[in-house]
Structures are given as structure tokens and as C-alpha cells.
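The values are calculated or read from the model by the stated rules, or taken from the named source; none is laboratory data. What you see is a predicted model, and the numbers here were worked out from it, not measured in a lab. FYI the Cβ positions are ideal-geometry reconstructions off the backbone, even for glycines, and counts take in every protein chain you see.
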Amino acid sequence: MRYLSSAWLDAAAAALADSLALQDAIGDVALTLEQTVTDVPEVPDPPDLPDGAGGSGGTVRWHVLLDHGDARLVAGPAEHADLRFTTTYRVARAIALGELAAPTAFIAGHLRVGGDLTLLTRHQRLLASLDDVLVDVRKATTFAPVP
């Protein structure tokens, strides 16, 4: 499935919702993370996204709600995001492929982070566990070439 396509968003949402380990890890957490990826190339099955979520090409936006044991990925912007991550497709692709670490992208100015930055350190393990939950999704993901 192509990165940022509707199939990819659905698979990521299912992986987060189905992870018992993640549900245990977020038992006492209420956190909303919003991700925006710009300069997205055309995808073969464009996501059917709500207003503000973007579409095939351009910008794609989604958010992850972690709420006391419940984890949901929702297409579109969050009503209120505790942390917001914004980057280009080129950088998001490199991070997803493991070619670039997110902290390195942040330090280099290629990943913008907004919101309450203290939450990054407070929930460092949790954020890493989100990456672990998505490992099978990543294995099944294909990526559009970067121009």
C-alpha cells in the first residue's frame, strides 16, 4: 500500500486501535498528536479525506488521539493538538524508511514541532512505542519516488 494513501491511513489506524500493548501504555494518558505532510506526490488511491485533511498530492493531515487506553488515528486536523508535527514528503519518507531520525530532522530544521514541547520528553517512550506498533504497516508500505 502506498504511503499516505487511504489504505495506508486505514492500516495505521487499525494497528493503533488493535495494539493491546499500546492500550496498556496509554492507560493514564490523554494526548493528541497531529501530523502534516506537505509536498505529497500523487498517490494511486487518493484518500477520501475530510475538509482540512488534504488529498492526493499537496498536503495530507491526520491526528492520533490517545485517550486513557483508546488509540485512534483520524484523517484531518485535530480540534486541539497537544503536539503538531509538520514536514515535507521527502523528510517524512526518509523518517518512515529509517533513513533519517526524527530528532535529527528536527535539529536540522526539517521537522517543525508545535504545541507543548515538554510533552516530547515526558512521553518519549510512548512516542517510540507508536513507531513500534506501526512496524508491520511500514513493512507493507511502498513509497512514491521523490522528485
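Considering region 31-63, the residues that are more than 20 Å from Thr88 (Cβ to Cβ) and modelled with pLDDT of 95 or more include one that is nearest to the chain's Cα centre (by Cα), namely Thr32. Scanning region 89-101 for residues being crowded, with 18+ Cβ neighbours inside 10 Å and of a type outside the set (Phe, Trp, Tyr) gives a total of 7. When region 104-116 is filtered for residues that are in a helix (DSSP H, G or I) and loosely packed, with under 12 Cβ neighbours inside 10 Å, only Ile107 remains.
Pairing residues of region 68-84 that are surrounded by 14 or more Cβ atoms within 10 Å (Cβ to Cβ) with residues that are aromatic (Phe, Trp, Tyr), at Cβ distances under 7 Å and at least 6 apart in sequence or on separate chains, gives Leu73/Trp62; Val74/Trp62; Ala75/Trp62; Gly76/Trp62.
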